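Taking it in order: structure first as structure tokens, then the write-up.
The values are calculated or read from the model by the stated rules, or taken from the named source; none is laboratory data. Quick caveat: nothing in here was measured; it's all calculated off a predicted structure. Note: areas computed on protein heavy atoms with side chains; ligands, DNA, RNA excluded. Shrake-Rupley method; radii C 1.70, N 1.55, O 1.52, S 1.80 Å.
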Amino acid sequence: IDDFRNFFKPNKEKSYFDLKVEIKKAYKILEASLQYSNINLQIYSSSVISAYGHANEFSQGVLNLISNSKDVLIERNIIKPKIEIHISKDEQNVYCEVKENGAGIEEKYLNRIFEPYFTTKEHHGTGIGLYISKEIIEKHMQGTLAVRNLENGASFIMCLPIKKDEIAN
């Protein structure tokens, strides 16, 4: 209960945070559900990578991406379902890529999946999770959230600035 309460506690102050720590917070909330569905989740990072922004909001965005990936893997009965999260950086940005092996997103939906209330889950989706994730990453953290299809699944890539933006504060 404390993990869940702290996860959604609003924090108006931006700060530097460790991406892997925040990803693990999101994972912890979904851990039992992922294990029950035999979904393997792996986090790949070669070093400690930090970004500037709202840590809890970043975690919420990651939670939405993991949850959507889980739903797709279950719905499509994927054999050996897996979710991989890759953390990397360059000179100016950090990247958090959430990949799954759920056979990808139909081309006709790729340009619409971030729209509010758009869902491909007929009876159990609200269409708000990806929209909220995009809003958090782009409007609150001055980053980007993009999607692309891979050979056997989909990839969601969050790009966040490493440093505090003096103009935005």
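Of GLN35, GLN142, GLN60, which is the most mobile in a GNM of the chain whose springs link Cα atoms less than 10 angstrom apart?
Largest GNM mean-square fluctuation: GLN35.
Under a 5 Å amide H to amide H cut-off, with H placed in plane at 1.01 Å, what residues pair with GLY102 once short-range neighbours are removed?
ALA154
Could you provide, to the nearest whole Å², the per residue accessible area of the range 28-96 with probe 1.4 Å?
Working: 3560 Å² over 69 residues.
That works out to 52 Å² per residue.
Which whole-number percent is the relative contact order of the chain (Cα, under 8 Å, 6+ apart)?
Relative contact order here is 23 percent.
For the range 128-135, in order, what is each residue's ³J(HN,Hα) by Karplus, 6.51 cos²θ - 1.76 cosθ + 1.60 with θ = phi - 60°, in whole Hz (x at glycine and Pro)?
With coefficients 6.51, -1.76 and 1.60, one gets 10, x, 5, 4, 4, 4, 5, 4 Hz.
Considering only protein heavy atoms, what is the solvent-accessible area of ASP18 at a probe of 1.4 Å, reported in Å² to the nearest 10?
Taking all protein chains as shown, ASP18 has close to 40 Å².
For the chain, what % of the accessible area comes from carbon and sulfur atoms, probe 1.4 Å? List each step's numbers first, then the result.
On the way: 4970 of 9950 Å².
About 50 percent, which is the carbon plus sulfur part of the accessible surface.
Quick one: which residues, 5 or more positions from ILE162 or on another chain, have an amide H under 5 Å from its amide H? H modelled 1.01 Å from N in the peptide plane, none for Pro or chain starts.
Those lying under 5 Å, H to H, from ILE162 are ASN93, VAL94.
Taking Cα Rg over 2.2 N^0.38 Å straight from the coordinates, which label in (1) 1.19; (2) 1.09; (3) 1.00 is the correct one?
(3)
Through the Karplus equation 6.51 cos²θ - 1.76 cosθ + 1.60, θ set to phi - 60°, convert the phi angles of the range 77-87 into ³J(HN,Hα) values in whole Hz; use x for Gly and Pro.
Karplus values, whole Hz, x for Gly and Pro: 6, 5, 6, 6, x, 8, 10, 10, 10, 10, 10.
Would you mind telling me which residue in ASN38, ASN64, ASN111 has the biggest mean-square fluctuation in a Gaussian network model of the chain, where springs connect alpha carbons within a distance under 10 angstrom?
Comparing ASN38, ASN64, ASN111 in the GNM, the peak value goes to ASN111.
Using 28 Å as the Cα-Cα cut-off, could you pick out the over-long pairs in LYS20/LYS108; LYS80/LYS108; LYS14/LYS82; LYS24/LYS164; LYS24/LYS134? Numbers along the way, then the final one.
On the way: LYS20/LYS108 33 Å; LYS80/LYS108 26 Å; LYS14/LYS82 32 Å; LYS24/LYS164 23 Å; LYS24/LYS134 20 Å.
Pairs exceeding 28 Å: LYS20/LYS108; LYS14/LYS82.
For PHE114, PHE156, what's the largest-to-smallest order of accessible area, 1.4 Å probe?
Values: PHE114 35, PHE156 15 Å².
Descending order: PHE114, PHE156.
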